[in-house]
Amino acid sequence: MNGNPRLVLHRGSLSESGAATVDGSSALALPVEAAEPPQLHSIGSAAELQWVAQLAGRITSAAIEVLAGRRPVQQLARWLDRDLLATLQLRARLSRGEGAAPPGKLALVHRGASLVSSRAMMVRPGVYEASAVVSDRVRCRAVALRLEQVRDSGWRVTALEIG
């Protein structure tokens, strides 16, 4: 990734049960203490892999809620770099039709979206690449994330692509 955060968004939320919605539910409403992984046995353990996949799902859910206009982009500031936040906010404005967007099918995009699945894979210690599938009323979308553990800052998303 060359240290440059990257966000690519194309047209395109998690409950306790794993079903994600864009109806105002808060995928990121966990207390800060609960937002960190439980004690892990070792780097790259199954528990860490599962925790990172769940985090990727929550971040994906929140990003879809931002695109739908149901969540302010600032709620992702803890996990996304400033450049990613700015790009996500711009894309959210464009996808909500703050410009010349025709009504109709586009109004359904991102509305009622649900997280179908999320997966993670360790690239090297402290760096994971994750994928998620989000389904809305129009179609399914693939989401790819790169999460890196930053000393004293927790986990950060350094790349995000929403298809």
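Residues that are open to solvent by less than 70 Å² (accessible area, probe 1.4 Å) and among the basic types (Lys, Arg): find the strands (runs of 3 or more DSSP E) completely inside the stretch 120-163 holding 1 or more of those.
By residue number, 140-150, 154-162.
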Inset, instruction - For GLY97, indicate whether it is at pLDDT below 90 and under 16 Å from the mean Cα position of the chain (by Cα). - result: no
Inset, instruction - Taking the residues in the stretch 50-90 that are open to solvent by less than 30 Å² (accessible area, probe 1.4 Å) and of a type in the set (Ser, Thr, Tyr) as candidates, determine which candidate is farthest from ASP136 (Cα to Cα). - result: THR60
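The values are calculated or read from the model by the stated rules, or taken from the named source; none is laboratory data. As the structure is a computational prediction, the values presented were derived from the model and not from experiment. Each accessible area value is taken on the protein alone, full model and side chains, heavy atoms only, with ligands, DNA and RNA left out. Shrake-Rupley method; radii C 1.70, N 1.55, O 1.52, S 1.80 Å.
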